[in-house]
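Enquirer: Submitted below is the structure of interest, expressed as structure tokens.
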Ligand code: NAD
Ligand code: DAU
């Protein structure tokens, strides 16, 4: 079995690469990533020497390159995670999201189709997507696989578009595709532009914690290791042509989550209780900010038997411990262009 994992140097991708290499030593795993600001080979140092691991630096927006790669490598399956993934960056620069998330996905679909032609019986094209395609919930209800798409940000619009293209290649060309839509992930190796690692980094440095709007937006958080486990289950046992929602059944308003994180950080850093929470600073809301996400993952639990393995408190504690033990990783990724990004996004704060 030779699997191509795209975006394997990113946050979730690196966990998926690690999971597959450790769990399936007989598989060959090729990680294709063009190492944008979010891609970091330091996320994979513990597995990069394994004999069944290969890294290819390449851009999925380059269709000719992908055709050649598929021709040479004869992959049995694809797990597609490469994407521009940060909502705030999609508001600042939408076009990059169209190129990588839409065109890049279509290029991969074309390459897989050309490589597999009609010989698709044991092949699989697994597209990793997000719950944000479903839009925003009010106080009630959850997203199911049947919820109509209603994306609001350039990021979620580009992911919704890519999902539609994957389904079109399945329905029109018989490509053996499967899709999953997951809620917010947290854990080790997440780039400190996303809420949890950004706030951990700022608390360490005693910098303000920029809370958008009133902090009452709600997200459904899942430990990234549990996402990687769900991806394994769906890759191997999901039904072709189906969609599976993945979520932690773990809703938190941003401000409640931030207060919990502040309490954990005060205890871990030996600071007086309440010190970190004083850093909370309410700032202008994100444009088009979705109010609430909540995922109904009962189909995945019922049909494939997947359930999350940790409580949020446990997962968050493990995450904080990881960042505090890996300050070298944090300072590496926050040097250089990160400073420019931070200045542009948050000004002097
Ligand atoms: P990330 O930004 O950490 O990583 C993305 C990776 O893709 C990086 O390694 C980057 O170098 C690579 N990449 C970007 N553009 C590329 C290109 N043109 N060619 C090749 N490689 C490219 O993202 P993440 O948070 O790990 O998300 C991975 C996937 O999971 C994305 O498709 C995202 O939409 C989806 N997802 C993320 C979450 C979440 O909470 N982070 C939740 C649900 C779904
Ligand atoms: O729901 C899945 C999605 O979760 C993924 O598809 C995306 O790739 C991923 O980035 C994430 O999107 P969010 O926009 O929900 O995540 P983010 O960490 O950027 O923000 C989480 C919440 O925290 C959101 O309501 C905005 C808020 N926030 C975020 C930042 C970065 C703040 O209040 N302040 C901040 O500085």
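The values are calculated or read from the model by the stated rules, or taken from the named source; none is laboratory data. Nothing here was measured: the structure is a model prediction, and the numbers come from that model. We place every Cβ from the backbone using ideal geometry, glycine too, and count neighbours over all the protein chains shown.
Quick grid of which residues meet (1) closer than 23 Å to residue 12 by Cβ; (2) within 12 Å of ligand 2 (Cβ to nearest atom):
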site	(1), (2)
123	yes, no
135	yes, yes
140	no, no
159	yes, yes
174	no, no
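Enquirer: Next up: Residues to consider are 9, 92; find the one that is closer than 30 Å to residue 288 by Cβ and surrounded by fewer than 16 Cβ atoms within 10 Å (Cβ to Cβ).
Expert: Values: 9 fails: surrounded by fewer than 16 Cβ atoms within 10 Å (Cβ to Cβ).
From the options 9, 92, the qualifying one is 92.
Enquirer: What is the residue count in segment 127-153 for residues that are over 21 Å from residue 253 (Cβ atoms) and surrounded by fewer than 22 Cβ atoms within 10 Å (Cβ to Cβ)?
Expert: Of segment 127-153, the ones over 21 Å from residue 253 (Cβ atoms) are 127-129, 133, 144-151.
From what is left, the residues that are surrounded by fewer than 22 Cβ atoms within 10 Å (Cβ to Cβ) are 144-151.
Adding up the residues that qualify gives 8.
Enquirer: I would also like to ask the following. With the structure loaded, tell me whether residue 69 is more than 21 Å from residue 166 (Cβ to Cβ), more than 10 Å from ligand 1 (Cβ to nearest atom) and either in contact (Cβ under 8 Å) with a residue 12 or more places away in the chain or not in a helix (DSSP H, G or I) (or both) or whether it fails that test. First the steps, then the outcome.
Expert: Details: more than 21 Å from residue 166 (Cβ to Cβ): no; more than 10 Å from ligand 1 (Cβ to nearest atom): yes; either in contact (Cβ under 8 Å) with a residue 12 or more places away in the chain or not in a helix (DSSP H, G or I) (or both): yes.
It is false that residue 69 is more than 21 Å from residue 166 (Cβ to Cβ), more than 10 Å from ligand 1 (Cβ to nearest atom) and either in contact (Cβ under 8 Å) with a residue 12 or more places away in the chain or not in a helix (DSSP H, G or I) (or both).
Enquirer: With within 19 Å of the chain's Cα centre (by Cα), modelled with pLDDT of 95 or more and assigned to a helix (DSSP H, G or I) as the only criterion, which of 236, 164 stands out?
Expert: Details: 236 fails: within 19 Å of the chain's Cα centre (by Cα).
Exactly one of 236, 164 is within 19 Å of the chain's Cα centre (by Cα), modelled with pLDDT of 95 or more and assigned to a helix (DSSP H, G or I), namely 164.
Enquirer: Here is a check on your reading of the model: is residue 43 within 21 Å of residue 189 (Cβ to Cβ), touching a residue at least 12 places away in the same chain (Cβ under 8 Å) and either in a helix (DSSP H, G or I) or more than 16 Å from ligand 2 (Cβ to nearest atom) (or both)? Spell out the reasoning first.
Expert: Numbers: within 21 Å of residue 189 (Cβ to Cβ): yes; touching a residue at least 12 places away in the same chain (Cβ under 8 Å): yes; either in a helix (DSSP H, G or I) or more than 16 Å from ligand 2 (Cβ to nearest atom) (or both): yes.
Criteria met by residue 43.
Enquirer: Another question, if that's okay. Would you be able to tell me the number of residues in segment 132-171 that are free of Cβ contacts under 8 Å to residues at least 60 places away in the same chain, in contact with a helix residue (DSSP H, G or I) (Cβ under 7 Å, 6 or more places away or on another chain) and under 18 Å from residue 217 (Cβ atoms)?
Expert: The number of residues fulfilling the criteria is 3.
Enquirer: Please state which of the following conditions residue 155 fails to meet, knowing it meets all the rest: (1) over 21 Å from the mean Cα position of the chain (by Cα); (2) part of a helix (DSSP H, G or I); (3) within 16 Å of ligand 2 (Cβ to nearest atom).
Expert: (1)
Enquirer: Would you please name the residue that is farthest from ligand 1 (Cβ to nearest atom), looking only at residues in segment 10-33 that are out of contact with any helix residue (DSSP H, G or I) (no Cβ under 9 Å at 6 or more places or on another chain) and assigned to a loop (DSSP other than H, G, I, E, B)?
Expert: This residue is 26.
Enquirer: Being in a loop (DSSP other than H, G, I, E, B) and crowded, with 19+ Cβ neighbours inside 10 Å is the filter; apply it to segment 72-85 and report the residue that is farthest from ligand 2 (Cβ to nearest atom). Please lay out each step first, then the result.
Expert: Let us first name the residues in segment 72-85 that are in a loop (DSSP other than H, G, I, E, B), namely 74-76, 81-85.
When the remaining residues are screened for being crowded, with 19+ Cβ neighbours inside 10 Å, the result is 75, 81-85.
Values: 75: 25, 81: 10, 82: 12, 83: 8, 84: 9, 85: 4 Å.
Here the residue is 75.
Enquirer: From the list 203, 218, which one is closer than 20 Å to residue 315 by Cα, more than 16 Å from the chain's Cα centre (by Cα), buried (at least 21 other Cβ atoms within 10 Å of the Cβ) and more than 11 Å from ligand 1 (Cβ to nearest atom)?
Expert: Numbers: 218 fails: buried (at least 21 other Cβ atoms within 10 Å of the Cβ).
Unique residue meeting the criteria: 203.
Enquirer: Of everything in segment 172-187 that's over 12 Å from the mean Cα position of the chain (by Cα) and in contact (Cβ under 8 Å) with a residue 40 or more places away in the chain, which residue is surrounded by the fewest Cβ atoms within 10 Å (Cβ to Cβ)?
Expert: To start, the set of residues in segment 172-187 that are over 12 Å from the mean Cα position of the chain (by Cα) comprises 172-179.
Subsequent filtering for residues that are in contact (Cβ under 8 Å) with a residue 40 or more places away in the chain retains 173-179.
Numbers: 173: 16, 174: 14, 175: 23, 176: 18, 177: 28, 178: 21, 179: 24.
The selected residue is 174.
Enquirer: When you scan segment 267-286, do you find a residue that is surrounded by fewer than 20 Cβ atoms within 10 Å (Cβ to Cβ) and closer than 30 Å to residue 166 by Cβ, even just one? Before the answer, list the steps.
Expert: We begin by selecting, within segment 267-286, every residue surrounded by fewer than 20 Cβ atoms within 10 Å (Cβ to Cβ); these are 267-275, 277-286.
Of the ones still in play, those that are also closer than 30 Å to residue 166 by Cβ are 286.
Within segment 267-286, one or more residues are surrounded by fewer than 20 Cβ atoms within 10 Å (Cβ to Cβ) and closer than 30 Å to residue 166 by Cβ.
Enquirer: Tell me which residues, restricted to segment 197-233, are assigned to a loop (DSSP other than H, G, I, E, B) and more than 30 Å from residue 138 (Cβ to Cβ).
Expert: We begin by selecting, within segment 197-233, every residue assigned to a loop (DSSP other than H, G, I, E, B); these are 205-208, 213-217.
Across segment 197-233, the qualifying residues are 205, 206, 207, 208.
Enquirer: Restricting to segment 241-264, what's the tally of residues that are away from ligand 2 (no atom under 16 Å from the Cβ) and surrounded by 15 or more Cβ atoms within 10 Å (Cβ to Cβ)?
Expert: Pass one, segment 241-264, residues away from ligand 2 (no atom under 16 Å from the Cβ): 241-242, 263-264.
Remaining after also requiring surrounded by 15 or more Cβ atoms within 10 Å (Cβ to Cβ): 242, 264.
Total satisfying the criteria: 2.
Enquirer: Within segment 134-142, is even one residue at pLDDT 95 or above, out of contact with any strand residue (DSSP E or B) (no Cβ under 6 Å at 6 or more places or on another chain) and in a helix (DSSP H, G or I)?
Expert: No, segment 134-142 contains no residue that is at pLDDT 95 or above, out of contact with any strand residue (DSSP E or B) (no Cβ under 6 Å at 6 or more places or on another chain) and in a helix (DSSP H, G or I).
Enquirer: Condition first: surrounded by 11 or more Cβ atoms within 10 Å (Cβ to Cβ) and not in a loop (DSSP other than H, G, I, E, B). Now tell me which residues in segment 320-330 satisfy that. Step through it out loud before you land on a result.
Expert: Taking segment 320-330 and keeping what is surrounded by 11 or more Cβ atoms within 10 Å (Cβ to Cβ), we get 320-324, 326-327, 329-330.
320, 321, 322, 323, 324, 327, 329, 330, listed by residue number.
Enquirer: Just name the residue that is farthest from ligand 2 (Cβ to nearest atom) out of those in segment 331-349 that are surrounded by 16 or more Cβ atoms within 10 Å (Cβ to Cβ) and in a helix (DSSP H, G or I). It would help to see each step written out before you state the result.
Expert: Residues of segment 331-349 surrounded by 16 or more Cβ atoms within 10 Å (Cβ to Cβ): 333-334, 338, 341-342, 345-346.
Cutting the leftovers down to in a helix (DSSP H, G or I) gives us 333, 338, 341-342, 345-346.
Details: 333: 15, 338: 13, 341: 11, 342: 10, 345: 8, 346: 7 Å.
Out of the qualifying residues, it is 333.
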